[in-house]
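**Student:** Following this message is one structure expressed as structure tokens.
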Amino acid sequence: MLAAQVLINALVLGCLYACIAIGFSLVWGVLNVINLIHGSFIVLGAYLAWGLYQSLHISPWYALGIAAPAFFVLGYVIQRLILNRVITAPVLVTLTLTFGLDLILNNAMIYYFKADYRKLTLTPPMGSVSLFDVVVPIDRLIATASALALTGILYLILRRLRVGRAIIAVRLDRDAARLMGVDVNSIYAIAFGLGAALAGCAGVLMALIFPISPLTSTAYLGKAFVVCVLGGLGSVSGALAGGILLALIEGIGSALIGPAHATTLSFALLIVFLIVRPQGLLGRKGFE
Amino acid sequence: MTRSNFILLALVAVIAALPMFGGSYALRLGTIACMYGILALSWNVVGGLAGYPSFATAAFFGFGAYTAGVLLGKGVPLVVAVAAAGGASFALACLLGAALLRLRGHYFAIASLSLIEVFRELVNNATDLTGGGMGLNIPLTSTAGVMADATFYFYVMWGLLLGTASMVVVVAGSKLGFGLACIRQNETAANMIGLNTTLYKSVAFGLSACFVGAAGGVYAAWVHYIDPSDVFDILYSVKPIVMALIGGLGSPLGVLIGAFVYLGLEEVVWRNYIQIHSGVLGVLIVVLLLFLPNGLMSLRSRLLAWRPKRV
């Protein structure tokens, strides 16, 4: 029964990991930028959910509807005003720039919210369901379903909408897309905005499950790294596969050799994957 | 030796005179200045010369600090402990480099970033050896008094800086430096004409880790207490990059000046805005990258190029 519980936990956590990583993967794939603010966006989203619930009693499910547009605008503006100026610069420059932005945002959050850990507790609590001996809390289950839904929405946007096809086109070949009349700078900004919106929504969902503190942003960012590399860059299905694989490995690793080594295991796996199979599990360049 | 490398060594020599003028505060600042200089010059070997965006500085800094810390705890003399930290960092970086440096661009950046994470977690969990999250107390090596101690550690760190600067000058003038420049410009072509790029890159990575590890060891002995979140701080990886960007990538003199300028800014910010110092550092990084992407050294050539027009 322990095995079944570990498996279910991994599936539930894996979908959340995928949700954390998918915006990061989109930005990396389309803009060719490693977006180090991603972790802080997630934490900011969690604070948004917490603040809305504490002060206005807006349930986190509705907070998703507020977080998505707000973070989209935030991401769009950051890309247009700051990141776009160095978008063609080498990795080092873009990476260091997003690190600087992350320092600013994270410091601002520590300043306003303090580094204390907070928890969004729903009243009344939602309880948990148990099937045979496997127990899953309901709020966690709903968060997982929402994470899957968000992932599905992104997939549909990329697949069905004109702007989504343009994003894919830019990822496949920037210059050819420009020749076909795609406004590449605007697509960059939209992709970054989408990435930020997904991070904000992921943060809202995280607020339901994990404690909230500015200090947790690097942990989220680390998860996004590993999931992207495991699953393969830039594909929605890859992020899902990577997320579930990471959660499985962490779950099994924790059960076998103790939870203290789970992070080491996942990062060691990251390095092995980078060397052996840098395109990831499902990676095919530019395919969606 | 080029003129700028000569100025580099002269600048390092001038720093040695610091204890004659300053008190304990100046000594502390001087020791940190030397440490930052070591980190930035070392990073420049792999980041500036070979063009690989390495974020592994903190990993080797922490590794060196813990190697030396554990050895000092077992009663090994400081010189041996620091040498061991440097040597072990060199060997480890060469080995890891042979595997990691096959990656390019973003993938290498992520791999080197996660190296910090792996090392930190390993140290965190090896509680028997390193004390884990409780940190590691390092015994005092001398009983000569506070000022004598401070002067001593300043000169040890300065000696390492001198070593690093000499290494950089030697590398820049050698076949290795030429090979690294080839790799930066076009690695595939360098490989085609028979350059053993894997070997060159690994040695460069090893050299860039060697003095960083040793500096970590001296740092551990100097502050007497280290813990994983302190020495494996990702900021130790980012600061050298910012320093190099301030000074101008690739030029050792620019990088060293960048390190000192950065330290000056950091001191001012720390002293005045303790609550928001990392935010101010972030603003500094953003402004620097947007408005002065080629560093201070580019200002000089820009001014020089500008002058004849006025004549």
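The values are calculated or read from the model by the stated rules, or taken from the named source; none is laboratory data. Fair warning: this is a prediction, and the values are worked out from it, not measured in the lab. Every residue, glycine as well, gets a Cβ built from its backbone with ideal geometry; the counts of neighbours run over all protein chains shown.
**Student:** Of the conditions (1) over 20 Å from the mean Cα position of the chain (by Cα); (2) touching a residue at least 12 places away in the same chain (Cβ under 8 Å), B:Tyr155 clears all except one; give me its number.
**Tutor:** (1)
**Student:** Going by what's in this entry, would A:Val73 be described as more than 30 Å from B:Leu103 (Cα to Cα), assigned to a helix (DSSP H, G or I) and within 19 Å of the chain's Cα centre (by Cα)?
**Tutor:** Yes; evaluated as a whole, the condition is true for this residue.
**Student:** Taking the condition surrounded by 24 or more Cβ atoms within 10 Å (Cβ to Cβ) and not charged (D, E, K, R), does A:Ala49 pass?
**Tutor:** yes
**Student:** Report yes if some residue within the range B:226-235 is assigned to a strand (DSSP E or B), away from chain A (no Cβ under 11 Å) and buried (at least 23 other Cβ atoms within 10 Å of the Cβ); otherwise report no.
**Tutor:** yes
**Student:** Is one or more of the residues making up the range B:48-70 more than 10 Å from chain A (Cβ to nearest Cβ), within 14 Å of the chain's Cα centre (by Cα), in contact (Cβ under 8 Å) with a residue 40 or more places away in the chain and not in a helix (DSSP H, G or I)?
**Tutor:** Yes: one or more hits.
**Student:** State the number of residues belonging to the range A:214-249 that are closer than 30 Å to A:Asn107 by Cα, surrounded by 24 or more Cβ atoms within 10 Å (Cβ to Cβ) and polar (S, T, N, Q).
**Tutor:** Residues in the range A:214-249 being closer than 30 Å to A:Asn107 by Cα, surrounded by 24 or more Cβ atoms within 10 Å (Cβ to Cβ) and polar (S, T, N, Q): 1 in total.
**Student:** Is at least one residue of the range B:105-127 more than 14 Å from chain A (Cβ to nearest Cβ) and in a helix (DSSP H, G or I)?
**Tutor:** The answer is no; no qualifying residue exists.
**Student:** Would you check if there is a residue in the range B:249-266 being more than 17 Å from B:Trp43 (Cα to Cα) and either within 14 Å of chain A (Cβ to nearest Cβ) or at pLDDT below 80 (or both)?
**Tutor:** yes
For (1) among the aliphatic types (A, V, I, L, M); (2) touching a strand residue (DSSP E or B) at 6+ places or on another chain (Cβ under 6 Å); (3) modelled with pLDDT of 90 or more, each residue gets a yes or a no:
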site: A:Leu2; (1), (2), (3): yes, no, no
site: A:Leu44; (1), (2), (3): yes, no, yes
site: A:Leu56; (1), (2), (3): yes, no, no
site: A:Pro60; (1), (2), (3): no, no, no
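**Student:** Pick out the one residue from A:Ala108, A:Ala143 that is in a helix (DSSP H, G or I) and more than 7 Å from chain B (Cβ to nearest Cβ).
**Tutor:** Criteria check complete, one pass: A:Ala143.
**Student:** If a residue has to be of a type in the set (A, V, I, L, M, F, W, C) and either in contact with a Lys or Arg (Cβ under 8 Å, 6 or more places away or on another chain) or more than 20 Å from A:Leu265 (Cα to Cα) (or both) to count, how many in the range A:222-238 make the cut?
**Tutor:** The number of residues fulfilling the criteria is 2.
**Student:** Continuing with this model, one more query. Cβ-Cβ under 6 Å, sequence separation 6+ or interchain: first residue in the range A:112-132 and touching a residue at least 40 places away in the same chain (Cβ under 8 Å), partner surrounded by 12 or more Cβ atoms within 10 Å (Cβ to Cβ) and assigned to a strand (DSSP E or B). Which pairs?
**Tutor:** Cβ pairs passing all conditions: A:Arg118/A:Ile212.
**Student:** Within the range A:76-97, track down each residue that is outside any helix (DSSP H, G or I), in contact with a helix residue (DSSP H, G or I) (Cβ under 7 Å, 6 or more places away or on another chain) and without any contact (Cβ under 8 Å) to a residue 40 or more places away in the chain.
**Tutor:** Answer for the range A:76-97, where residues must be outside any helix (DSSP H, G or I), in contact with a helix residue (DSSP H, G or I) (Cβ under 7 Å, 6 or more places away or on another chain) and without any contact (Cβ under 8 Å) to a residue 40 or more places away in the chain: just A:Ile82.
Yes/no matrix, rows are residues, columns are (1) more than 14 Å from chain B (Cβ to nearest Cβ); (2) surrounded by fewer than 21 Cβ atoms within 10 Å (Cβ to Cβ):
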{"position": "A:His57", "(1), (2)": "yes, yes"}
{"position": "A:Ala63", "(1), (2)": "yes, no"}
{"position": "A:Ile78", "(1), (2)": "no, no"}
{"position": "A:Arg85", "(1), (2)": "no, yes"}
{"position": "A:Thr88", "(1), (2)": "no, yes"}
{"position": "A:Asp102", "(1), (2)": "no, no"}
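Residue-by-condition table, conditions (1) in contact with a Lys or Arg (Cβ under 9 Å, 6 or more places away or on another chain); (2) modelled with pLDDT of 85 or more:
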site: A:Arg162; (1), (2): no, yes
site: A:Val170; (1), (2): yes, yes
site: A:Arg174; (1), (2): no, no
site: A:Gly195; (1), (2): no, yes
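**Student:** Within the range B:59-81, track down each residue that is out of contact with any Ser or Thr (no Cβ under 7 Å at 6 or more places or on another chain), of a type in the set (Gly, Ala, Ser) and either on the phi < 0 side of the Ramachandran plot or surrounded by 24 or more Cβ atoms within 10 Å (Cβ to Cβ) (or both).
**Tutor:** B:Ala59, B:Gly62, B:Ala65, B:Ala68, B:Gly69, B:Gly73, B:Ala81
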